[in-house]
C-alpha cells in the first residue's frame, strides 16, 4: 500500500506559493489515489516552535492551516488531516533517529545555515536538529512517498539515510526508503517584491505574497504593485532567463491557468506589464476567491475544525502506534 505524507507549518498566513507549490498538488494526488492508498497531511506545529511563537496565535494558526487544507480541496473523509503534536510518536521516534544521526549529516543541512545566518551561536538546538524530526514525521508512518519541492529534497535524502541506518544497525527491513514526488513547474513561486527570492510567510513585506485570506481588492493591489522591469513582456520562454520578475508573474499565470509557460509567453509576447497584470488579477481572483470564502466559513465554525483534527489524530495514531511498538521492541526498550 502506498502511504503519502506531507505537511505545512502553522506560522503566518498560507500564501499563493503554498497553494500552487504544494497543496494543489496534494489535492490532485488525493483525487487520483488508489482506493488502498493512505494520504496523511499534517499541520507540523512542533516544527513551528523552532522560532518563538505566541501560544494563542499558534493555536489559531493551526486552525487556519486546517481550514486552508479543506478549502483547497483536501477531503477529511479521503485524507487524514491532523496536527503533529497530538501524535506522541513523532517526538518519540525523533529521539531514536537522533541517536543514529551523525553530526556530519546534520552539518550538511543548508537550511540551518540559511535560517541561523550570522547568529548561529544563538540559534536553538531545535532549529539545528529539526531535519531529524522531519525524518521521524515521515518514517513514523512508514511513508512510501513524499511530495517535495527543490528546497526540501535534502531533508528527504536525510530521511532515507536514517531509514537505511536504522535498518542496517538492527538487521531489519522495517523502514521503506521513501521516494520523492517532485512537484511541477509551479513548485517555486517567487516573491512579488523580488523575483530572485522564494515567496515566504516570513517576509516582512505583506506585499511580497498573496495570502489565501486576501480579498479581491488586496489581491489586485498586490499584483498592481508587484515588481517588474522596464521592458515589454518577452517573446520566447528563453528570454526569461535574466528577467526574474517577468518569469515569476508569467509562471504564476501559467500555474493558475494550468497552461504551459511557453504558451503563456506566446499569448502575452510584446505586451506591457500593465495590461498583463489586469488579466493576471482577474485570473487570480477567480481562482482564489472561492478558497478565501470557504476558509472564512470554516474558521467561523471552530468546533468543526476541532472535530476534523480529533478524527485525524485518532487515524494517525492508529497507524503510528503499532509502528512505534515495533521500533521500541527492536531497539530493546522494555514495555509494561
Open item on the list: Looking only at the stretch 11-46, how many residues end up being free of Cβ contacts under 8 Å to residues at least 60 places away in the same chain and part of a loop (DSSP other than H, G, I, E, B)?
Closed with: 5
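Just wondering, is there one or more residues in the stretch 114-121 that are touching a residue at least 24 places away in the same chain (Cβ under 8 Å) and in contact with a helix residue (DSSP H, G or I) (Cβ under 7 Å, 6 or more places away or on another chain)? Give the steps one after another, and end with the answer.
The initial filter retains those residues of the stretch 114-121 that are touching a residue at least 24 places away in the same chain (Cβ under 8 Å), namely none.
Scanning the stretch 114-121, I find no residue that is touching a residue at least 24 places away in the same chain (Cβ under 8 Å) and in contact with a helix residue (DSSP H, G or I) (Cβ under 7 Å, 6 or more places away or on another chain), so the answer is no.
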- [ ] Run down 286, 254, 226 and say which single residue is surrounded by fewer than 18 Cβ atoms within 10 Å (Cβ to Cβ) and either out of contact with any strand residue (DSSP E or B) (no Cβ under 7 Å at 6 or more places or on another chain) or closer than 14 Å to residue 210 by Cβ (or both).
- [x] 286
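Would you mind stating whether residue 130 is in the same structural domain as residue 99 (by TED's automatic domain parsing), assigned to a helix (DSSP H, G or I), at pLDDT 85 or above and closer than 30 Å to residue 213 by Cβ? Write out each step before concluding.
Details: in the same structural domain as residue 99 (by TED's automatic domain parsing): yes; assigned to a helix (DSSP H, G or I): yes; at pLDDT 85 or above: yes; closer than 30 Å to residue 213 by Cβ: yes.
Here the answer is yes, as residue 130 does meet what is asked.
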- [ ] Specify the residue that is nearest to the chain's Cα centre (by Cα); the eligible residues are those in the stretch 185-218 that are part of a helix (DSSP H, G or I) and touching a residue at least 60 places away in the same chain (Cβ under 8 Å).
- [x] 187
- [ ] Look at residue 78 and say whether it is closer than 30 Å to residue 293 by Cβ, over 15 Å from the mean Cα position of the chain (by Cα), at pLDDT 90 or above and outside any helix (DSSP H, G or I).
- [x] yes
TODO: Only residues that are out of contact with any helix residue (DSSP H, G or I) (no Cβ under 6 Å at 6 or more places or on another chain), assigned to a helix (DSSP H, G or I) and over 18 Å from residue 285 (Cβ atoms): list them for the stretch 219-245, please.
DONE: 238, 239, 241, 242, 244, 245
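The values are calculated or read from the model by the stated rules, or taken from the named source; none is laboratory data. Owing to the predicted nature of the structure, the values given are computational and were not obtained by experimental measurement. Don't worry about glycine lacking a Cβ; one is built from the backbone with ideal geometry, like all the others, and counts go over all protein chains shown.
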